[in-house]
Each structure stands twice: as structure tokens, then as C-alpha cells.
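Notes follow the structure.
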Amino acid sequence: MVLRRRYVYATRYTTSLETAALTHVPIGKPYANVQVWMMDSASQVSPVGVPGELCIAGEGVARGYFNQPDLTAEKFIPHPYKPGARIYRTGDLARWLPDGNIEYLGRIDHQVKIRGYRIELGEVEAQILKVPSVQEAVVLALADATGSTQLCAYFVAEEGFAANVLREALVPANCQAT
């Protein structure tokens with residue numbers, strides 16, 4: 001199995017010399033074929049300036065997660081204004097700015113994005129716990145000296161073993177990242 005990156009762009013923002021001084025650069029405004037909302041935990045639309053979960057609909061939104069009907073039902077909810085359509089709950093925390101741009105504020109869950117891949121830290125922990133001698137595990141996303149984010153796993157095992165043993169247990173022999 002070869003992993004390939006697929007990107008869906010929902011917003012755009014044009015930078016300029018004036019925006020170079022901003023401490024928080026917005027993620028922009030929705031493309032013409034995309035609709036965006038910030039929704040609270042009760043799936044109510046948040047007003048301008050109030051943080052909420054970034055939700056998108058329109059062209060490019062997937063039909064769901066492959067072979068994961070429960071996750072699909074959780075993240076792809078009925079469109080509030082278009083019967084039969086769905087919107088995607090991204091898990092991103094954002095808010096509308098008064099000028100119509102969107103400011104990204106972080107995540108509302110434990111998902112991280114590393115080199116273009118979205119990763120659920122809990123899923124990585126669950127896989128580490130499947131290694132026979134591992135008793136406890138926690139995974140963090142940490143920045144290295146260059147600012148690049150990497151996964152860092154801490155675990156307690158019944159017996160000592162080399163880190164490459166854990167890597168081999170986690171990455172199938174027929175799987176290679178590109």
C-alpha cells in the first residue's frame with residue numbers, strides 16, 4: 001500500500017507586505033464553490049468573532065471515511081440549509097473576522113497535522129498498546145529544533161526492547177510512505 005497525500009482546499013488568503021507584520025495570518029475566505037460555517041457544540045452557527053468548529057460543504061467534500069461508518073456519521077452531518085447534502089465537521093477551531101476572513105485558532109480534538117497528514121494521537125497510542133509487552137503509552141506531537149513537528153511516543157513495557165522493534169510492529173512491511 002502506498003500512501004498518497006490528497007488535499008482539499010476550502011479557503012484562500014492572499015498575503016502582501018502589509019500582512020507580513022500580522023501575528024496571526026488568517027486562513028482566508030471560502031472559495032466560490034465552498035460554504036463554510038463556524039458551529040458550536042450544539043451545531044448552531046456561531047456569529048462573527050465567536051469561536052466554533054470549522055465546518056465545510058460544497059465541491060471537494062468527501063462522502064465519508066473509508067470503511068469507518070461511525071466516524072463518517074459523526075463528522076459528516078446533514079447540511080443545515082440544503083436537504084440531502086452533508087457538511088464536514090473538520091475538528092478545527094476558528095472564528096469569522098469582521099473583514100470576512102477566517103482565523104484558525106487550533107484543534108478541538110487530539111488530531112494533529114504532520115507533513116500534510118492528519119493523525120489521531122489516540123489511534124497511534126492504541127496501536128502501540130497492541131505490542132505484547134507494552135502496558136501504557138502516550139503519544140505527543142512535538143516540534144524539533146527546526147520547528148518541524150514529529151510524533152514522540154512514551155511507553156511502559158514489561159521488558160526492555162529497542163525502539164526499532166516498536167517501529168516494526170507499527171508499520172506493516174508492505175506499507176511505505178511517499
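The values are calculated or read from the model by the stated rules, or taken from the named source; none is laboratory data. Here the structure is a predicted model, which is why all the values come from computation and not from measurement. Here Cβ is always computed from backbone atoms with ideal geometry, including for glycine, and neighbour counts include all displayed protein chains. Please note that ligands, DNA and RNA were not included when accessible areas were found on the heavy atoms of the full protein model with its side chains. Shrake-Rupley method; radii C 1.70, N 1.55, O 1.52, S 1.80 Å.
Just checking the listed ones, N67, N33, N101: in the Gaussian network model of the chain with Cα springs under 10 Å, the one fluctuating most is N67.
Taking all protein chains together and a probe of 1.4 Å, list Y65, Y154, Y88 from the most accessible to the least accessible. Mind dumping the intermediate values first?
Details: Y65 70, Y154 115, Y88 40 Å².
Per-residue accessible area, sorted high to low, gives Y154, Y65, Y88.
Other residues lying with their Cβ under 12 Å from the Cβ of V139 contribute a combined charge of -4, Lys and Arg counting +1, Asp and Glu -1.
Between the listed residues L151, V48, L140, the Cα displaced farthest toward the positive end of the dipole of the chain, a dipole computed from Cβ unit charges relative to the Cα centre, is found at V48. Largest mean-square fluctuation among R107, R118, R12, in a Gaussian network model of the chain whose springs join Cα atoms under 10 Å apart, belongs to R118.
Sorted largest first by accessible area at a 1.4 angstrom probe radius, with every protein chain in place, the residues V139, V156 fall in the order V156, V139. Each residue was assigned an accessible area with a 1.4 Å probe, and for K130 the value is about 140 Å². Mean-square fluctuations from a GNM of the chain, with a 10 angstrom spring cutoff on Cα atoms, peak among P78, P30, P132 at P132.
How large is the convex hull of the Cα atoms of region 1-142 per residue, expressed in Å³ as a whole number? Mind dumping the intermediate values first?
On the way: hull volume 24.0 nm³, N = 142.
Dividing the Cα hull volume of region 1-142 by its residues yields 169 Å³.
Helical content alone sets the calculated 222 nm signal of the chain at -3500 deg cm²/dmol, taking -39,500 (n - 2.57) per DSSP H segment of four or more residues and averaging over every residue.
With both labels modelled 7 Å from their Cα along Cα-to-Cβ, the E123 to H24 distance reads 2.9 nm.
Ranking of D92, D40 by solvent-accessible surface, largest first: D40, D92 (1.4 Å probe, protein heavy atoms only, all chains present).
Each of D144 and K82 was given a label point 7 Å from its Cα along the Cα-to-Cβ line. The distance between the two points is 4.2 nm.
Relative contact order for the chain: 18 percent, from Cα pairs under 8 Å spaced at least 6 residues apart, divided by residue count.
Restricting attention to region 36-133, which GluC sites (Glu not before Pro) occupy a DSSP loop and are surrounded by at most 15 other Cβ atoms within 10 Å? Display every interim value, and only then the final one.
On the way: sites: E53, E59, E74, E103, E120, E123, E125; in loops: E59.
Listed in order of number, the matching sites are E59.
V36 sits among other residues whose Cβ lies under 13 Å from its own Cβ, and their net charge, with Lys and Arg +1 and Asp and Glu -1, is 0.
Hydrodynamic radius of region 54-126 by the Kirkwood approach over all distinct alpha-carbon pairs: 14.0 Å.
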